[in-house]
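See below for the structure under consideration.
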Amino acid sequence: MLSRRALLLSAAAATTLVPTRARSQAGSSARPDADNEPPTVLRLQRRGIEVNGKPASVYGIQQPAGTFGIRTKVGARFRVRVENRIDEPSLIHWHGLTPPWQQDGVPGISGPPIPPGGSADYDFPLRFGGTYWMHSHQGLQEQLLMSAPLIIRDQRDRPDQQEIVLMLADFSFTPPEQIFAELKKGGKMSMAAPMAGSSPSAAAPPKMKAMGPPGGAMPAGMAMGAPAKPDLNDVTYDAFLANDRTLGDPDVVKVEAGGRVLLRVINSSSMSAFHVDLGQLDGELIAVDGFQVAPVVARRFPIAVAQRLDIRLAIPRAPAAHPVLALLEGENKQTGIVLQAGRAQVARIPDIAGMASPALNLDLESRLRALKPLRPRRADRVHTLDLTGEMAGYIWSINNVVWNKDVAPLPLAKGERVELIFVNRTPMPHPMHLHGHEFQVVEIDGKRFAGAVRDTVLVPPGRRVVVAFDADNPGFWALHCHLLYHLEAGMFTTLRYV
């Protein structure tokens, strides 16, 4: 069954003259015979994993040989055929890339979803490298792990370093439609774990966090930077995964003692932010969301939903096991992988940390500096976007408007420098993602600086974050909170220009 948002998007598509090709989302730029090379095939399919000793049926994006996602190189063409082998429509968004708008993978905005048994072709150049990812933008499929890495190698990828992808996810045995329905009720539910061997659809309702007082939107006059305690983690998940596994049976990656590692961290969670904890290893953060920053050395880094971190590690020469953990924001739950150097013994790591982690903040964001910032220029157009919502009924919006097909796109014109002012007037954090463009963080709470280039920025409660981008990729684009259920509830808008 299509979700309410999918139905609205489909209706919007009918009014925007989106091309609807039977087999292709590629539009006029597609070149099926480019360079006489066959496209990389990605199959959307069901697969089984084990979580906490119980079987679970989830989705996957795999090549025919079993590889998850894609690894390619900068300067190549992104030539891909997506085959839908699940029993419902789907469509994949290339998160962080800048394709022609008809290939962006948002149902009803970019084009129609791929029907069961259908396929779609994509073909566009890759103009920058880094760590990206792909995920379904159809309904709530992302919650069922319809996501995969999208790695574009470039000159940063040294031949003397080992590349390791750490993909984080939150998991529930409860169907996402049921999770969303319970959130809209606003109640606090207890959860009985399903019996081993039971299907996700047979699971009991998830435990939902009490959502606070009705009409919980932050007053417009509230001082920015001085919010009340943030409201975190709407959903109590059954598990948190690192490369599809929990710490009860972690992914153990063999590394060379004394070697170098490039750790690519992707937060593909639907709703959960983390602190990446490197233990005794010093990590050198060299890129966020694929784009280089002046290196920052630390042992712990925050990562919001949909963000990515590229971290260089120097592995000590002595044999040892080095856990790389991800601690859930605001709680003591954790997941992670283990880097095993030499023949070191790998000890069991509990999935409960010794103490709760703090909420993510903007301390690191305010320190990051882009190695290749935008050219200095006065903004031609500024849009202020208040992030708004009500706890009662679980309604989320932008400028107090819940998105629907009648909401006009944000206006702009090709060639403009555009600034988006995000002001969070709710007690919950919102990672805001712009499709089809990279942007630069240029202000936090009134302080201007040449911050990181990104595609997703966290806006904590009561904070003001300003980003700038150049309108250099004409089309019809989505802009939204990347918390899946906030997006589904209406914290979504569009922009359009030719």
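What follows is calculated from the coordinates using simple rules that are stated; it is not laboratory data. Owing to the predicted nature of the structure, the values given are computational and were not obtained by experimental measurement. All Cβ positions, even for glycine, are placed from backbone atoms using ideal geometry, and neighbour counts span all protein chains on display.
Summary table
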{"read-out": "For region 244-265 and region 344-367, distance of Cα centres in Å", "value": "16"}
{"read-out": "Distance (nanometres) between label positions extended 7 Å along Cα→Cβ at Asp160 and Ala344", "value": "2.1"}
{"read-out": "Stretchable slack from Asn361 to Ala294, in nm (0.36 nm times residue separation minus alpha-carbon distance)", "value": "22.2 nm"}
{"read-out": "Rg followed by Dmax, in Å, when region 265-340 is reduced to its Cα trace", "value": "12.5, 38"}
{"read-out": "Cβ-defined net charge surrounding Ala318, 13 Å radius [Lys, Arg +1; Asp, Glu -1]", "value": "+1"}
{"read-out": "Extension gain from Lys229 to Asp445, taking 0.36 nm per residue of separation minus the Cα-Cα distance", "value": "76.0 nm"}
{"read-out": "Charge dipole of region 370-489 about the Cα centre (unit charges at C-beta), most positive-ward option of Gly415, His486, Thr388", "value": "Gly415"}
{"read-out": "Extension gain from Lys254 to Lys185, taking 0.36 nm per residue of separation minus the Cα-Cα distance", "value": "20.2 nm"}
{"read-out": "Distance (nanometres) between label positions extended 7 Å along Cα→Cβ at Ile49 and Ile352", "value": "2.3"}
{"read-out": "Region 285-340-region 432-498 distance, computed between alpha-carbon centres (Å)", "value": "24"}
{"read-out": "Of Lys254/Lys333; Lys333/Lys405; Lys184/Lys333, those spanning more than 27 Å from alpha-carbon to alpha-carbon", "value": "Lys333/Lys405"}
{"read-out": "Local electrostatic count, Gly393, Cβ distance below 12 Å [Lys/Arg +1, Asp/Glu -1]", "value": "+1"}
{"read-out": "Summed side-chain charge close to Arg71 - residues other than Arg71 whose Cβ falls under 9 Å, Lys, Arg +1, Asp, Glu -1", "value": "+1"}
{"read-out": "Calculated FRET value between Ala65 and Ala314, using beta carbons and R₀ = 41 Å, to 0.05", "value": "0.80"}
{"read-out": "Estimated inter-spin distance, Val382 and Arg153, nm [label 7 Å along Cα→Cβ]", "value": "4.5"}
{"read-out": "Three-way shape call for region 25-179 based on the alpha-carbon gyration tensor, with the a/c threshold at 1.5", "value": "oblate"}
{"read-out": "Peptides 102-109, 423-430, 386-393 ordered by average Cβ neighbours within 10 Å, highest first", "value": "102-109, 423-430, 386-393"}
{"read-out": "Using a Förster distance of 45 Å, the FRET efficiency for Lys414-Asp282 (Cβ separation, nearest 0.05)", "value": "0.50"}
{"read-out": "Magnitude of the charge dipole, region 290-417, Cβ model with Lys/Arg +1 and Asp/Glu -1, debye to 20", "value": "880"}
